[in-house]
Amino acid sequence: MDKFTKIVATIGPATESETSIKELILAGVDVFRFNFKHGTLDWHNKTIQRVNNVAKKLNKSVGTLIDLQGPEIRLIMSQDEIDISLNEEIPFGKEAIKNAGTKGISFTHTQILPYLKDSQKIIIDAGAFEFILNKKGRKHFLLSLSKGELKNKKSVTIPGSNFPAPVLVERDFEGLKLAARHEVDFVALSFVRSAKDIQLVREKMKKYSVYAKIVAKIETKKAIDDLDNIIEEADLVMVARGDLGVEMPLEEVPYYQKIIIKKSIQKNKPVITATQMLQSMEHHPHPTRAEVSDVANATYDLTDAVMLSGETALGEYPVESVRFMSKTVGFNEKKNTVDSRVRFNFELKDYEELLADSAYGLLLQTQKNKLHISGFLVFSETGTMARLVSRYRPQVPIFTFVPSAAVGEALTVNYAVRAFVHKIPAGQREILQNDVREAIENLLSQNLIKKKDSLIVLHGDTITIVTV
């Protein structure tokens, strides 16, 4: 394995072809994200199927992630774009966009107006535009604190608003139907406010027969306030820095990135770091030094995965973006030498956690004794043991043999885990020496290990060292 940190890439018009998908996978993409804020249902349906077909042809375990729209507020105007001047007052509300061609602004959730106070700050397009709400009797205006060309359908953030928006919108239910149809691996929930939001979505997913893992996107101040409970309830966590940087001062985002990642690892929840990681590569073939440092910093934070958005969805250099990201994480993750048990002080609450801790301890002991271990060989019905070993961020791959492709694809976001399907014969209740031999032959045939390599083997309640 060239890298252990996983890469999530957003697919879009720039990368929807079979050729592009293949190039992205070969460049290092582990999971494809489908952003339900954009694109038609038909496009998502066809593109998810295309990704699955390409992955199958390449014999690669590739995850799929549907990112639901959630209670997001979007801009509505009667024009595709309008020019905004500094200190300009623009009519606001449903009536302001009633006539085509008029210069006015409204939102997708028109019922929000009663919850907005006079002088409320309103942020549009992730901070590109700022407005102050002025209420003048029955009429409402937005006073511009910015200038420029404002485009329709941009995101809207209202810091401190208590608007009781629904957890899911109508389009999200169509997304859940697609997730069930294609057995999507991950469903991301936008603008999570509390653990109750995740509980509600989990209930809806059961109703639609969706068995994907839930990704809680931390992008609101309310989510930070309920962070421990959200991490406990979610299956995965995403540090969604774009809207988080609008909801709170930008200078605080790096601190909370580290807090979210640390707490997620302690709770054995995979964590994705996202937003503007290589944004300049949307239009340039090389990233900035600051962007490379940002990706490397996430690696030193020990994130499971890093994510690309516009770089791969719309950008001019999508494959190059993945290659740069892959090289950056691949180099820097190997410079992490701190014992993660000291760094995270893991609580060992059950036998599986004790077993994973012992396996990692064995790796460290063998390294001290100058015995080279080429990786872990894990047999797991559910993937749990692989996840537990992964949270220690070992400097060797975790080759994991699972009973189905679905279990394997759910591991595509976990640090250092590489999954393979291995079906145990009916009636066989435990892993036998023959299963271990077959797994080793599989790894040898793919040149993932060599003769005389040593592996730490985990199955059931057993830990052994096997030399190939």
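Numbers for the structure displayed
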quantity: Extension reserve of the Tyr300-Arg74 stretch, reckoned as 0.36 nm per residue once the Cα distance is removed; calculated: 77.9 nm
quantity: Value of relative contact order over the chain, rounded to a whole percent, pairs C-alpha under 8 Å and six or more apart; calculated: 16 percent
quantity: Cβ-based charge dipole, the chain, positive-most Cα from Phe331, Val342, Thr10; calculated: Val342
quantity: FRET E, pair Lys103, Leu348, Förster distance 41 Å, beta-carbon r, rounded to 0.05; calculated: 0.10
quantity: Whole-Hz ³J(HN,Hα) from phi, Karplus 6.51 cos²θ - 1.76 cosθ + 1.60, for region 307-321, glycine and proline x; calculated: 10, 10, 10, x, 4, 9, 7, 10, x, 7, 10, x, 5, 4, 4
quantity: DSSP-assigned coil residues among trypsin sites (Lys or Arg not before Pro) in region 405-459, each with at most 15 further Cβ atoms within 10 Å; calculated: Lys423, Arg429, Lys450, Lys451, Lys452
quantity: Normalised contact order of region 124-197, rounded percent, pairs of Cα under 8 Å and 6 or more residues apart; calculated: 23 percent
quantity: Debye, to nearest 20: dipole size of region 69-180, +1 on Lys, Arg Cβ, -1 on Asp, Glu Cβ; calculated: 360 debye
quantity: Label-point gap, in nm, between Lys139 and Val466 - each point 7 angstrom along Cα→Cβ; calculated: 7.8 nm
quantity: Segments 74-83, 370-379, 295-304 sorted - mean Cβ within 10 Å per residue, highest first; calculated: 295-304, 370-379, 74-83
quantity: Charge tally in the Cβ shell below 11 Å around Ser144, where Lys, Arg are +1 and Asp, Glu are -1, Ser144 excluded; calculated: -3
quantity: For region 73-157, alpha-carbon Rg over 2.2 N^0.38 Å; calculated: 0.96
quantity: Loop-located GluC sites (Glu not before Pro) in region 196-282, at most 13 other Cβ atoms within 10 Å (DSSP); calculated: none
quantity: Shape category assigned to region 340-467 from the gyration tensor of Cα positions, a/c cut at 1.5; calculated: oblate
quantity: In range of the label at Lys57: residues from region 7-24 whose backbone nitrogen is under 19 Å from the point 7 Å along Cα→Cβ; calculated: 11-24
quantity: Full-stretch length increase - Asp83, Asn447 - with 0.36 nm per residue and alpha-carbon distance subtracted; calculated: 125.2 nm
quantity: Efficiency of FRET from Cβ geometry, Glu16 and Tyr211, R₀ 35 Å, rounded to 0.05; calculated: 0.85
quantity: Reachable aspartates and glutamates from Lys451, criterion Cα separation under 20 angstrom, eight or more residues apart if same chain; calculated: Asp2, Asp435, Glu438, Glu441
quantity: Unit charges at the beta carbon, dipole of the chain: most positive-side option, Tyr360, Val239, Asn99; calculated: Tyr360
quantity: Net charge of Cβ neighbours under 13 Å - reference Glu282; Lys, Arg +1; Asp, Glu -1; calculated: -4
quantity: Region 340-467 - charge dipole about Cα centre, Lys and Arg +1 at Cβ, Asp and Glu -1, debye rounded to 20; calculated: 600 debye
quantity: Surrounding net charge for Leu41, when Lys and Arg each add one and Asp and Glu each subtract one, Cβ distance under 12 Å; calculated: 0
quantity: Within straight-line cross-link reach of Lys269, lysines at Cα separation under 19 Å, skipping those fewer than 8 residues along the same chain; calculated: Lys6, Lys196, Lys213, Lys217, Lys258, Lys349
quantity: Under 18 Å from Lys117, Cα to Cα: aspartates and glutamates that are on another chain or at least 8 residues apart; calculated: Glu89, Glu130, Glu247
quantity: DSSP-loop trypsin sites (Lys or Arg not before Pro) across region 335-366, with at most 13 other Cβ within 10 angstrom; calculated: Lys349
quantity: Among Leu455, His372, Gly408 - extreme Cα towards positive end, dipole of region 340-467, charges at beta-carbon; calculated: His372
quantity: Within region 278-301: backbone nitrogen closer than 15 Å to the Glu316 label point (7 Å, Cα to C-beta); calculated: 279-288
quantity: Length-normalised contact order for region 340-467 - Cα pairs under 8 Å, 6+ apart - percent; calculated: 25 percent
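We did not get these values from a lab; they are worked out from the coordinates using the rules stated. All values derive from a computational prediction rather than experimental measurement. As a convention, Cβ positions derive from the backbone with ideal geometry for all residues, glycine included, and neighbour counts pool all protein chains shown.
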